[in-house]
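The values are calculated or read from the model by the stated rules, or taken from the named source; none is laboratory data. This one's a predicted model, so the numbers in the text were calculated from it and none came from an experiment. As a convention, Cβ positions derive from the backbone with ideal geometry for all residues, glycine included, and neighbour counts pool all protein chains shown. Protein only, heavy atoms only, side chains kept; ligands, DNA and RNA dropped before computing areas. Shrake-Rupley method; radii C 1.70, N 1.55, O 1.52, S 1.80 Å.
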Amino acid sequence: MPTITQRVFSLALTGCALFFLTACPSDDPEPSQAADDSLHLAFKTPDWERKIDCTHLDLPSSEYNASTYFTFASSASTRNTFFLSFPKDSSAMAKSSNLKKYTIKEFGQVSAPFQFSFKVPVTEGSSTYLVSQEGFTAEEFNEIVAITYAGASGNEAIFQIKGKYQLSALELNSNGVKKNISGTYHFKVRTTRK
């Protein structure tokens with residue numbers, strides 16, 4: 001089975017390129033420990049931080065397998081990229097038992113619902129990146145804190161997912177240097193109505 005990264009590159013080659021977050025960073029870039037109600041992606045590394053407005057972002061859903069969708073996007077302004085997976089079936093998405101911590105995955109390798117992976121430049125404008133490494137500990141997790149039904153469109157049910165994350169990221173071409181990244185998100189995603 002192709003990896004998520006291979007699937008993404010295949011989608012890009014067939015015209016389904018990454019969707020770009022085009023909003024400017026907010027005036028107060030520091031991500032709080034609790035995700036707020038605005039649609040956003042926030043990150044904080046040892047060297048820089050941003051909060052990106054995702055109000056107008058319409059994330060595509062791609063199928064990983066029969067039960068799991070994933071979505072991804074890149075920011076034009078900060079050049080970060082994230083992947084988030086979630087249940088394909090709207091009835092599975094709505095379960096209250098989903099509100100807990102999940103695994104951080106190596107960048108681009110999400111494979112089961114509610115996994116998160118991330119890539120960001122080491123500093124603003126840098127051509128060197130930090131990429132998430134797989135982990136699930138007290139210091140490495142993706143926590144789903146709220147899932148809200150937001151309506152339907154055709155055969156799709158739309159949900160808003162709110163979460164916070166902490167991860168360890170490898171600095172590429174650095175002989176193993178790792179840095180911690182934390183942040184929050186609140187995204188609108190699409191599932192299949194059952």
Of the numbered conditions (1) farther than 21 Å from ARG50 by Cα; (2) buried (at least 21 other Cβ atoms within 10 Å of the Cβ), GLY154 fails exactly one; give the number of that condition. (2)
Restricting attention to the stretch 123-139, report how many residues are under 18 Å from the mean Cα position of the chain (by Cα) and either within 23 Å of ARG79 (Cα to Cα) or of a type outside the set (Phe, Trp, Tyr) (or both). 8
Within the set of pairs 6 or more residues apart or between chains, which connect a residue that is open to solvent by 60 Å² or more (accessible area, probe 1.4 Å) inside the stretch 122-141 to a residue that is not in a loop (DSSP other than H, G, I, E, B) with Cβ atoms less than 8 Å apart? SER127/PRO121; GLU134/ILE104; PHE136/LYS101; PHE136/TYR102; PHE136/ILE104; GLU139/GLN166; GLU139/SER168; GLU139/ASN180
Sole exception among (1) open to solvent by less than 30 Å² (accessible area, probe 1.4 Å); (2) farther than 23 Å from TYR64 by Cα; (3) in contact with a strand residue (DSSP E or B) (Cβ under 6 Å, 6 or more places away or on another chain) for PHE118, by number: (2)
Tally up the residues in the stretch 50-82 that are open to solvent by less than 10 Å² (accessible area, probe 1.4 Å), more than 13 Å from PHE159 (Cα to Cα) and part of a loop (DSSP other than H, G, I, E, B), please. 3
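Output the residue which, of all residues in the stretch 157-194 that are part of a strand (DSSP E or B) and of a type in the set (A, V, I, L, M), is surrounded by the most Cβ atoms within 10 Å (Cβ to Cβ). So that I can check it myself, show each step before the final result.
Taking the stretch 157-194 as the starting set, the residues that turn out to be part of a strand (DSSP E or B) are 157-171, 178-192.
Adding the requirement that they be of a type in the set (A, V, I, L, M) leaves 157-158, 161, 167, 169-170, 181, 189.
Details: ALA157: 21, ILE158: 17, ILE161: 22, LEU167: 27, ALA169: 23, LEU170: 17, ILE181: 21, VAL189: 23.
Here the residue is LEU167.
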One residue from SER117, SER111, SER85, SER127 being outside any loop (DSSP other than H, G, I, E, B) and either in contact with a helix residue (DSSP H, G or I) (Cβ under 8 Å, 6 or more places away or on another chain) or more than 16 Å from LYS44 (Cα to Cα) (or both): SER85
Considering only the stretch 88-108, state which residues are of a type outside the set (Lys, Arg), open to solvent by 20 Å² or more (accessible area, probe 1.4 Å) and part of a strand (DSSP E or B). ASP89, TYR102
